[in-house]
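Structure first, commentary second.
The values are calculated or read from the model by the stated rules, or taken from the named source; none is laboratory data. A quick note: this is a predicted structure, and the numbers were derived from the prediction, not measured. Cβ atoms come from the backbone with ideal geometry, glycine included; neighbour counts cover every protein chain shown. Each accessible area value is taken on the protein alone, full model and side chains, heavy atoms only, with ligands, DNA and RNA left out. Shrake-Rupley method; radii C 1.70, N 1.55, O 1.52, S 1.80 Å.
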Amino acid sequence: MRIAICDDDERCLEEEHAMIAEAAEELGIAYDTELFTDPAELIAGRVKYDVIFMDVEMRSMSGIEAAEAIHGYNRSALIFFVTNHEGYMDEALNKHAFRFWVKPINRQRLIYGMESAVREINSSNTYLQVTIGSRLARIPMNDIIYACAKNKMTSLVTTGGTVEIKEPFKNILARLNGGYFCRSHASYCVNLNYVVRYDKEKVVCRSGGAEYEAYMSKRCYGGFARQFIRWAGDNV
């Protein structure tokens, strides 16, 4: 795993480095880490890191601006935003934050987050193979925002648009990656990577500045909430 840590506070940078190294070794993750105090230097290198820990408030450029630039050449980078203020959460999530944590980083949350990152990296090349019309297609799992039943067919809402599949929802459901897809309703299954908020009636997902809503049922709410908490690394 290639890891970059970017924080213009050198003391915080070293503390985060020590915690991340300890967590990676505890999890048995092979890793290589590079440290940056200037996000411009991180961007200029155009290295495709697997995971980036990014401070939000920096003098030369905000972490959110840096993340936007990084995703311009490395959309698969998993970015952990670290900040002193929760007020940046909505904007950070809109820049495809993998996690958003308030300093200081909680050790157990870091362990859960890095475990999730490993699962995400391992599944990043996973595709859902479907037939669209008469054509066989492979849709990246990471691009699916949610799947829902539509009569005897399945509708896949993806980052590239909506795709109608002539297969029952239960067939598609069985092939979705169980690590980050979760049922929110008898007829809906949501990719947790895109969830920004949810309640007992709906789940709101966000991608590329656009929001998408999936139904939530009372029966699924408890299980969805528990899986989302585990996935987010907040089971502390």
> Residue check: is ASN171 closer than 30 Å to LEU13 by Cα, loosely packed, with under 12 Cβ neighbours inside 10 Å and of a type in the set (S, T, N, Q)?
Replying inline: no
> Taking the condition within 21 Å of ILE111 (Cα to Cα) and not hydrophobic (A, V, I, L, M, F, W, C), does ASP32 pass?
Replying inline: yes
> What pairs come up if the first residue lies in region 128-155 and is under 12 Å from LEU176 (Cβ atoms), the second is acidic (Asp, Glu) and not in a strand (DSSP E or B), and their beta carbons are under 9 Å apart, counting only those six or more places apart or on different chains?
Replying inline: VAL130/GLU167; ASN142/GLU120; THR154/GLU167
> Among the residues of region 61-70, is there at least one that is buried (at least 16 other Cβ atoms within 10 Å of the Cβ), under 25 Å from ALA210 (Cβ atoms) and at pLDDT below 85?
Replying inline: no
>> Restricting to region 136-161, name every residue that is touching a Leu at 6+ places or on another chain (Cβ under 7 Å) and at pLDDT 90 or above.
In response: ILE144, ALA147
>> Can you tell me how many residues within region 95-120 are within 19 Å of CYS6 (Cβ to Cβ), open to solvent by 50 Å² or more (accessible area, probe 1.4 Å) and modelled with pLDDT under 80?
In response: 1
>> Please list, ordered by residue number, the strands (runs of 3 or more DSSP E) wholly in region 98-206 having 1 or more residues that are within 21 Å of LYS218 (Cβ to Cβ).
In response: 144-150, 181-185, 188-191, 195-198
>> Residues that are touching a residue at least 12 places away in the same chain (Cβ under 8 Å), among the small types (Gly, Ala, Ser), surrounded by fewer than 17 Cβ atoms within 10 Å (Cβ to Cβ) and under 27 Å from ALA117 (Cα atoms): does region 185-208 have at least one?
In response: yes
